[in-house]
Amino acid sequence: MISQSSSSRVSRCRICRPRSFTVRHESTALHFYQNKQLDLYASREAKRLTLRQLVFFGRSMTEERLIQSANYVRTELPVRIAHRLRDLQALPYVVVTQEGVAKVYELYWSAFEQFRRYPPITNIKENEAFCEFLRRILDEHGSVIPNLSLGLSISSPYLTPDALDSFMRRMLVSRISRRVLTQHHLALSDTFVGKKSTRYTDSEPRVGIIYTGLDVRRSIEKCAKLLKQRPSDVGSDYEGVEMGAVSPEVVIEGNLETKFSYIREHLEYIVFELLKNSMRATRLKHRQSSSVPPIVATIALGANDIGIRISDQGGGFNFNAHSPQVKTPSDLCSFSHVRNPQRMEDSRLGTLRSVSSRREGVWATVHEQVESWQKPQDSENGGGNDDPGKKAGVGRHSRLGIGLPMSNIFATYLGGSLDIVSLDGWGTDVYVRLPKLVSLR
Ligand code: COI
């Protein structure tokens, strides 16, 4: 456990790193002051809002309400970041100093300081500058997930599986919340000043980033279409076995007219990742055939929630053969090498190293994924010849092992669930349940 005043840890932080021995006194005083500030913010409770409140508040926007929203983000984020800095400080020293974790710690300290010092926003012009600031921070934090995943994979031997998984869950849920609040404010601000968004389309009704009549079938169709257009992203081979060239069709059935209020980016992240896994498994299992069985997506409109089942005939999992330690489907979502030994595989660590050094390395939304496809350097085989991932024998689209755990976190974040049922030798069914209008963490 690292104490609050431990200068050994905090001195690695760029913002308070001592430049020379002669400034040691100043630096100690600075640490003391900064840790006092951290104490102050970490002692405050996060002010939680429900999706319903966000929709209600954002529906009839006025300048005054927009300024109120800006100041909520300005004052709320340092509190939430302070809690996570405390979590990081509570990790064993050997973990916080790992490549990846140390980087995230620095990013969070820097963001905490910038938010804490940001002056109150009083008018639209100041809000514009604040939005620019938010966009820069969002961009700077683009590599947080691969960095955390890399650092915690390397540190896995020093933490119990429960400690590791609950730490990762807190970090990732909290990150989703901070990004939701930030992006929601940005979307409200753009709408207020009449700026057209490329990220959020207006083909379905929305308030900020929350779609109030989100068409589930349309989102599934969009993800299936994107994956069919880019079969190389599903993968060209798997562990040396060539995959079949035929992509399975996605058949959608059930309550096809289902619409509900939700964050579309979260729904589409989950659907995209699940369909990608199903397509990969189906192409692998049926690689010798000229026709492949379809993937069936079933939509169910329940009284309190929306259900989606993605069902494939990709052979399912043989958990024993997959890896002796992976005993249950939920182990596939674990970040611990005890539950999921693939976390420590060299190729996976190499890929994580490669993407964590690039800001755009891991996409958090389908929109970001499509943007990354459109970048000229994004060739079919990965980055350029200098790409460390390529040097390590891994292409840009190699498997990071983040898609399934992140889908699980996105599904459970607002109180839903994600369950995997595998029929070894036949296929896999994934059941996703998403609640109607619920509380944000
Ligand atoms: C993150 O992406 O990790 C963040 O914390 C972003 C937030 C500071 C806007």
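The values are calculated or read from the model by the stated rules, or taken from the named source; none is laboratory data. Since we're looking at a predicted model, the values are computed, not measured. Note that we place each Cβ from the backbone using ideal geometry, even for glycine, and neighbour counts take in every protein chain shown.
Of note:
- Count of residues meeting criterion [within 11 Å of Ile402 (Cβ to Cβ) and within 10 Å of the ligand (Cβ to nearest atom)] in the range 131-150: 2
- So Glu126, is it away from the ligand (no atom under 16 Å from the Cβ), outside any loop (DSSP other than H, G, I, E, B) and farther than 17 Å from Gln342 by Cα: yes
- With a requirement of 1 or more residues that are farther than 30 Å from Asp190 by Cα and away from the ligand (no atom under 16 Å from the Cβ), the helices (runs of 4 or more DSSP H) lying completely within the range 39-101 that satisfy it span 63-89, 93-96.
- Among the residues of the range 102-123, those identified as assigned to a loop (DSSP other than H, G, I, E, B) and among the β-branched types (Val, Ile, Thr) are Ile121, Thr122.
- Tally of residues being touching a helix residue (DSSP H, G or I) at 6+ places or on another chain (Cβ under 7 Å), of a type outside the set (A, V, I, L, M) and modelled with pLDDT of 95 or more across the range 42-64: 2
- Subset of the range 152-189 that is within 13 Å of the ligand (Cβ to nearest atom) and among the charged types (D, E, K, R) - its residue that is farthest from Ile209 (Cα to Cα): Arg170
- Of the residues Asn35, Asn71, the single one that is polar (S, T, N, Q) and modelled with pLDDT of 95 or more is Asn71.
- Checked against (1) farther than 30 Å from Gly315 by Cβ; (2) at pLDDT 95 or above, Val250 passes all but a single condition, namely (1).
- Residues within the range 186-226 that are crowded, with 22+ Cβ neighbours inside 10 Å and farther than 25 Å from Gln53 by Cα, tallied: 3
- Those strands (runs of 3 or more DSSP E) lying entirely in the range 172-291 with at least 1 residues touching a helix residue (DSSP H, G or I) at 6+ places or on another chain (Cβ under 6 Å) and touching a residue at least 24 places away in the same chain (Cβ under 8 Å): 210-215, 250-254
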